[in-house]
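Each remark here refers to the structure printed beneath this line.
The values are calculated or read from the model by the stated rules, or taken from the named source; none is laboratory data. Only a predicted model underlies this, so the values are computations on that prediction, with no experimental measurement involved. As a convention, Cβ positions derive from the backbone with ideal geometry for all residues, glycine included, and neighbour counts pool all protein chains shown. The accessibility values were calculated without ligands, DNA or RNA, using every heavy atom of the protein model including side chains. Shrake-Rupley method; radii C 1.70, N 1.55, O 1.52, S 1.80 Å.
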Amino acid sequence: MKTALICGVGGFIGGHLAKRLKREGYWVRGVDLKNHEYVPSPVDEFVVGDLREQSVVRSVLDKRFDEVYQLAADMGGAGYIFSGEHDADVMHNSATINLNVLEQAKLVRIGRIFYSSSACMYPAYNQEDPDNPKCSEDSAYPAAPDSEYGWEKLFSERLYLSYHRNHGVQVRIARFHNIFGPEGSWTGGREKAPAALCRKVAEAREGGEIEIWGDGKQTRSFLYIDECLEGVRRLVNSDFMGPVNIGSEEMVTINQLAEMVMSIAAKKLSIKHVAGPLGVRGRNSDNRLIFEKLDWKPSKKLLDGLRMTYKWIDQQVALSRTGWATK
Ligand code: NAD
């Protein structure tokens, strides 16, 4: 039986990955600061611990795992990472986790380690035109991410590659582009655009109004969680180290995203544009490299994933009105 350690198993992607690895027959240990907020975890061992502590890292990575998935990070949507208020925490906490995990991974000689980087590491100067952003893997340098979150991801990518170069650690690095789906943050300040819009639409009365940060003409692409995990599993099973984009190429404006959610909810609402943290003007995944190396591209439309996400968040909103939702 193959063994895996998931760091950040109490989070959105870690929670879904745990289900997938269990379905595939793995023995799984997971670690996180907290239990999963929305669903019971299917892992064989769930450790609540802080990966900023090297003693915790030593105790959870105490033997050779076939695969380690390092997803733990201090992160959130634009409201969290672009406000500037969390910069020191984001850099210190996430970098410390990666430094600790890699040092221990080297000592116990793990099979391979997956690291989740982000499209936020791409240079801001290539993402000023909403209709024509450039995010090919080879466009990363000269580096100019627009957030400290992006700088930490870039630093950690280099850290993983250094451990490969100097210590032979088998690393796999993906740059995720806006992953979304059920069972992720939908309120509380760390939620990202798809979840936030689903919540706003679910909470609004017919004929009411929702707020969008900025003019809503900024572009992004969004990848449904199941598709993301297919890309991750293919990367880990391959000989290709990355870094490689895992995202969708179906680019939409935030206004279009809001319209899609409203059509799913069958609600007619007006949009009020307000000031808020925004990030780059345009971003889209470039999937040429992953298609070439792993023969992978997303199989579903954005609308399909949004339907499933809206349904779950609508339920959470209804539950929260009765006082039953976890958050
Ligand atoms: P998430 O916030 O839901 O999950 C991260 C988990 O890490 C949380 O459960 C958190 O408690 C845990 N964690 C944080 N600090 C910890 C610590 N010191 N010790 C132990 N656990 C700790 O985020 P997610 O959306 O599941 O993202 C997973 C990874 O993918 C992150 O590294 C994130 O930066 C990256 N990523 C995600 C997206 C996305 O759209 N969701 C996009 C790009 C990159």
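Spacing of the modelled spin labels on ASP295 and MET91, each 7 Å from Cα toward Cβ, amounts to 4.4 nm. Ordered from largest to smallest accessible area (heavy atoms of protein chains, 1.4 Å probe), the residues VAL90, VAL48 come out as VAL48, VAL90. Using only side-chain charges placed at the Cβ, +1 for Lys and Arg and -1 for Asp and Glu, the dipole size of segment 207-292 relative to its Cα centre rounds to 300 debye. Looking only at ALA78, ALA275, ALA124, which one moves most when the chain is put into a Gaussian network model with springs between Cα atoms under 10 Å? In this elastic network of the chain, the residue with the biggest mean-square fluctuation among ALA78, ALA275, ALA124 is ALA275. Dipole of segment 171-242 computed with +1 at Lys/Arg Cβ and -1 at Asp/Glu Cβ about the Cα centre; of ALA204, LEU229, TRP186, farthest Cα towards the positive end is LEU229.
Calculated FRET efficiency, ASP50 to LYS268, Cβ-Cβ distance, R0 = 41 Å: about 0.30 to the nearest 0.05. Which aspartates and glutamates, on any chain, are close to LYS272 with Cα under 12 Å apart, when same-chain ones fewer than 8 places away are left out? Answer for LYS272, where 12 Å is the Cα cut-off: GLU209, GLU211, ASP215, listed by chain and number. Among the protein heavy atoms, those of ASP138 account for about 130 Å² of accessible surface (1.4 Å probe, every chain in place). For LYS34 and LEU319, the difference between the fully extended length at 0.36 nm per residue and the C-alpha to C-alpha distance is 100.4 nm.
Rounded to the nearest 20 debye, the dipole size of segment 126-231 about its Cα centre is 380 debye, using +1 on the Cβ of Lys and Arg and -1 on the Cβ of Asp and Glu. Considering helices alone, the calculated mean residue ellipticity of the chain at 222 nm is -12500 deg cm²/dmol, with DSSP H runs of length four and up weighted by -39500 (n - 2.57) and normalised per residue. The accessible-area ordering, largest first, of the residues THR322, THR3 stands as THR322, THR3, per a 1.4 angstrom probe. Protein-only accessible surface at a 1.4 angstrom probe places the residues TYR125, TYR38 in the order TYR125, TYR38, largest first. Take the Cα of GLU259, step 7 Å toward its Cβ, do the same at LYS2, and the gap between the two points is 4.2 nm.
Antiparallel beta bridges, as assigned by DSSP with both residues in the chain, represent about 5 percent of the total such bridges. With 0.36 nm allotted per residue and the present C-alpha distance subtracted, the TRP27-ASP138 stretch has 36.4 nm of extension available. Rounded to the nearest 10 square angstrom, LYS134 shows an accessible area of 100 square angstrom against a 1.4 Å probe. Using a probe of 1.4 Å, the accessible surface attributed to HIS167 totals some 90 Å² when neighbouring protein chains are kept in position. Taking 27 Å as the straight-line reach from the Cα of LYS300, the lysines in range (excluding those fewer than 8 positions away in the same chain) are LYS19, LYS22, LYS134, LYS192, LYS200, LYS217, LYS267, LYS268, LYS311. Given R0 = 51 Å, the distance between the Cβ atoms of GLU209 and ARG58 translates into a calculated FRET efficiency of 0.45.
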